[in-house]
Amino acid sequence: MKEAGGPAFAADSNDADADADADADADADAGGGCVVVERHDAWAVVRIARAAKRNALDRRTRAALLEAFERLAADARCIVLTGTAGSFCAGLDIKERARERAAGLADTAGAEWIDLNMAIRRHPAIFIAAVNGVALGGGVTLINSCDLAIAARDASIGCPELAAGAYASAAGPTAMLSLPRKRAAWLLLTAESIDACTAERWGLVNEVVPTEALLPRAHALAARIAAFDAVAIAETKKSLDHVPARVHDWEGALRYGQTVSAAIRARQAEDR
């Protein structure tokens, strides 16, 4: 079934059993939806479904993802973001962007891409990237923007932009925030992909699992996190960005921790 009011959505399932995935896939193929949403108990799976384009993100898919995240903000404490058919995400749809530029249309893809990734960073839910295959360019950005990442053993991750005479304008800077300089430089300057085990060793992903175990592992982790207090989850997520960016000494870190704990208690009291 399609999400009401959201034609880009292929499905929004509340079923947690194995048949739910098959039903969602069938709806995606039948309805032409580019994003599939599966709801579970306080967590959800958001799947990019443009297999023919290796899950490259055109304007419609970017808008559908943003809408999905907004709809899930009220009741999902954890969101698994994944792809379809051997690709996680091949980045932005550069062919669509070229057509729009040739037609004289305003180039808003960059701004939309920033908005989408910041929606992940600012979202109260924890995002888990379930990297099911190839992740290129913008796919790497999505991995970097997610809070946690699990990769299938046969996944690969790369920034090929330099080979096309371009700059990895989002994957590059976000990788530099996450990786030592030499490792970020390897991704950007060689235009070669790295395998999942290398990505884990470098710290781009948290864990590598057999391909068939990827979604069960991501689902189990999402269910575990979703069982925690929603306020504590959201405040802890904020701290993961705040401390590295703004706290530079031990006393400041310790005082910040007390501030976060007080904020959690205050918000929990309001919710009672």
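Once all protein chains are placed together, Asp154 keeps about 100 Å² accessible to a 1.4 angstrom probe. What is the percent carbon and sulfur in the accessible area of the chain, measuring with a 1.4 Å probe over the protein chains and ignoring ligands? In the chain, the share of accessible area belonging to carbon and sulfur is 56 percent. Toward the positive end of the charge dipole of the chain, with +1 on the Cβ of Lys and Arg and -1 on the Cβ of Asp and Glu, the farthest Cα among Ala63, Pro180, Ala152 is that of Pro180.
Note on semi-axes √(5λ) of the Cα gyration tensor in Å: of the candidates (i) 28, 25, 19; (ii) 25, 21, 19; (iii) 33, 22, 16, the value calculated from this structure sits at (i).
Basic side chains Lys and Arg get +1 at the Cβ, acidic Asp and Glu get -1 at the Cβ, and with that the dipole of the chain about its Cα centre reaches some 1000 debye.
Short-range pairs are left out: with C-alpha atoms under 8 Å and at least six residues apart, the relative contact order of the chain is 14 percent. Summarising the strand pairing of the chain, around 25 percent of its internal DSSP beta bridges are antiparallel. The charge dipole of region 230-271, taken about the Cα centre with unit charges on the Cβ atoms of Lys, Arg (+1) and Asp, Glu (-1), comes to about 40 debye, rounded to the nearest 20. A dipole drawn for the chain from +1 and -1 charges on Cβ atoms has a positive end, and of Pro244, Ala266, Ile79 the residue lying farthest that way is Pro244.
Grab the DSSP H runs of the chain that are 4 residues or longer, score each as -39,500 (n - 2.57), total them, divide by all residues and round the 222 nm result to the nearest 500 deg cm²/dmol. Walk me through the numbers on the way to the answer.
Numbers: 11 runs with 136 residues, N = 272.
Rounded to the nearest 500, it is -15500 deg cm²/dmol.
The residues of region 35-227 have, on average, 43 Å² of accessible surface per residue, using a 1.4 Å probe with all protein chains present.
Could you calculate the FRET efficiency of Leu189 with Ala269 from 1/(1 + (r/R0)^6), where r is the beta carbon distance between them and R0 is 51 Å, rounded to 0.05? Provide the component values of the computation, followed by the final result.
Values: r = 52 Å, r/R0 = 1.01.
Efficiency at R0 = 51 Å is approximately 0.50.
The values are calculated or read from the model by the stated rules, or taken from the named source; none is laboratory data. Because the structure is predicted, anything quoted here is derived from the model rather than measured. So basically every Cβ, Gly included, is an ideal-geometry build from the backbone, and we count neighbours across all protein chains shown. Please note that ligands, DNA and RNA were not included when accessible areas were found on the heavy atoms of the full protein model with its side chains. Shrake-Rupley method; radii C 1.70, N 1.55, O 1.52, S 1.80 Å.
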